[in-house]
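Student: Let me begin by handing over the structure; questions about it come next.
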Amino acid sequence: MPALCVNIFQQDRVAFRLMINEGEIPLDDTFGFLLEYLAKMISHALLVNPMADHGASALSLHQVFSNLLTDPSADYVEISQQFSAAGWLSSHTYQCILLKTSILDFKNLTLRSICGYVENTIPASCALEHQGNVVIYVNLDLCSLPFDEVSQRLAGFIRDSLLNAGYSRKMLGHFNFQRQYQQALLALQVGRRVNPSLWIHHFNQDIALRYIMEQSTKKLPAYMICHEKLIALKNADAGSHTQLYRTLRCYLENHQSVTRTAQALFIHRSTLLYRLEKIQDFMKSDFSNPNELLYLLLSFHLLEMEGD
């Protein structure tokens, strides 16, 4: 019997086939257009349906992750066994991604659609709703896509959907799942304060340093925990209109290289040496102590953060 058919793809593979057989009315181009239209509707329904393409193990993963995120006292040994039973082993590497949604997404019940889209787009992923947002875990060992492609697919979706995302670091095993969620949450919260124009925030060196500084100033302001002589140098600079504070920072950030520091400040080498002599006399230090250097550099960052 004559028929028209069209393939329906999922994750770049043929998953279904839609077919129209010839009946009393002969098949023509109209039926072809109808078939294509119906196929697109079915593809969209499969894409946004969070239960599509989920086996028993995927459903188990949702339950385990939900229990893990909602119960701080969960038994990690038992949870690790449940993950292993679902095929997510302790020898695998994982990453957590947090998608920040809006109240409109929650009211329109689009969170489930977002979860469904992510899981049908990213192999070996588990997406679930948590506290009004979407939490995604990706098994990087089972995922058939390189991580760069995973990031590209999610980046386009995040941008087009007007979402914000925080990415945790990649970690081995089951016992960091909850910490990875906290890391992704911190990346999102700190990243949005530091760079509000960005859609995606990774828990990288900049975010981690900012987090350390914010934690250190929770009980005391920056000027009370910074290097005391550095604050005095900054105040003296303001009163005498010198540039010793800026010179010291540039000198330390250039690993105490006189040549590079002079070039960065656009001053003559002799001028720099004169300033450094005055700084050393004021600070009573030759800057050879690694702990003092770390303390000074961190103090520069803290004072800069306090002035933001």
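The values are calculated or read from the model by the stated rules, or taken from the named source; none is laboratory data. Keep in mind the model is a prediction, meaning the values are calculated, not measured. Note that we place each Cβ from the backbone using ideal geometry, even for glycine, and neighbour counts take in every protein chain shown. Side chains are part of the model used for accessible areas, which takes the heavy atoms of the whole protein and leaves out ligands, DNA and RNA. Shrake-Rupley method; radii C 1.70, N 1.55, O 1.52, S 1.80 Å.
Student: Leaving out ligands and nucleic acids, note down the accessible area per residue over the stretch 74-162 with a 1.4 angstrom probe, in whole Å².
Tutor: Here the per-residue accessible area is 45 Å².
Student: Counting only other residues whose beta carbon sits under 14 Å from that of Leu34, what net charge do I get with K and R as +1, D and E as -1?
Tutor: Here the charged neighbours net out to -3.
Student: Could you pull out every whole DSSP H run in the chain that spans at least 27 Å of Cα extent along its own axis and averages 0.5 or higher on the Kyte-Doolittle scale?
Tutor: Counting only whole DSSP H runs, the qualifying helices are 29-48.
Student: Residues with beta-carbon under 13 Å from that of Leu186, excluding Leu186: net charge, scoring Lys, Arg +1 and Asp, Glu -1?
Tutor: +4
Student: For a label point 7 angstrom out from the Cα of Gln205 toward its Cβ, which stretches of the stretch 254-269 have the backbone nitrogen within less than 16 Å?
Tutor: 254-256
Student: Given points 7 Å out from each Cα along the Cα-Cβ axis, report the Glu306 to Met1 separation in nanometres with one decimal.
Tutor: The modelled label-to-label distance comes out at 8.2 nm.
Student: Let me ask something else about it. Of Glu22, Glu306, which has the most accessible area and how do the rest follow, probe 1.4 Å?
Tutor: Per-residue accessible area, sorted high to low, gives Glu306, Glu22.
Student: Oh, and also: Could you give the size of the charge dipole of the chain about its Cα centre, using +1 on the Cβ of each K and R and -1 on the Cβ of each D and E, expressed in debye and rounded to the nearest 20?
Tutor: Its charge dipole is roughly 1320 debye.
Student: Here's something else I'd like to know. Under 12 Å from the Cβ of Val64, count the other residues' Cβ atoms, weight Lys and Arg +1, Asp and Glu -1, and hand me the total.
Tutor: Here the count lands on -3.
Student: Leaving out ligands and nucleic acids, and using a 1.4 Å probe, what accessible area per residue does the stretch 190-258 come to in Å²?
Tutor: 62 Å²
Student: List the trypsin sites (Lys or Arg not before Pro) within the stretch 66-144 that fall in a DSSP loop (any state other than H, G, I, E or B) and whose Cβ has at most 15 other Cβ atoms within 10 Å.
Tutor: Passing both the DSSP loop test and the Cβ count: no residue.
Student: Let me ask something else. Quick check on the stretch 134-226: what are the equivalent-ellipsoid semi-axes from the Cα gyration tensor, as sqrt(5λ), descending, whole Å?
Tutor: Its equivalent ellipsoid spans semi-axes of 28, 17, 10 Å.
Student: May I pose another question? For the chain, what D do you get in µm² per second when you plug the Kirkwood radius from alpha-carbon pairs into Stokes-Einstein at 4 °C and 1.567 mPa s?
Tutor: Result for D is 54 µm²/s.
Student: Mark the label point 7 Å from the Cα of Lys170 along Cα→Cβ and return the residues of the stretch 112-151 whose backbone N is within less than 15 Å of it.
Tutor: So the set is 138-151.
Student: Quick check: at a probe of 1.4 Å, how many percent of the accessible area of the chain sits on carbon and sulfur atoms?
Tutor: Taking all protein chains in place, the chain shows 55 percent carbon and sulfur surface.
Student: Roughly how much of Thr259 is accessible, in Å² to the nearest 10, using a 1.4 Å probe?
Tutor: 70 Å²
Student: Is the shape of the stretch 154-285 best called rounded, prolate or oblate, per the rule: a/c under 1.5 gives rounded, else a/b larger than b/c gives prolate, else oblate, with a ≥ b ≥ c the square roots of the Cα gyration tensor eigenvalues?
Tutor: Prolate.
Student: For Glu22 and Ser90, calculate 0.36 nm times their separation in residues minus their Cα-Cα distance, and state this gained length in nm to one decimal.
Tutor: 19.1 nm
Student: Using bins 5 angstrom wide from zero, how does P(r) for the stretch 209-265 break down, in % of all Cα pairs?
Tutor: So the P(r) values, bin by bin, are 4, 17, 18, 17, 22, 15, 6, 1.
Student: Hey, another quick one. Using the Cα centre of the stretch 171-308 as the reference point, and only Cβ charges (+1 on K/R, -1 on D/E), how large is the resulting charge dipole? Debye, rounded to the nearest 20.
Tutor: Its charge dipole is roughly 160 debye.
Student: Among all the aspartates and glutamates, which ones have a C-alpha under 13 Å from Lys218's C-alpha, if same-chain residues fewer than 8 places away are not counted?
Tutor: Those aspartates and glutamates meeting the cut-off are Glu306.
Student: To continue, here is another question. Would you calculate a helix-derived [θ] at 222 nm for the chain, using -39,500 (n - 2.57) for each DSSP H run of n ≥ 4 and dividing by the full residue count, to the nearest 500?
Tutor: -17500 deg cm²/dmol
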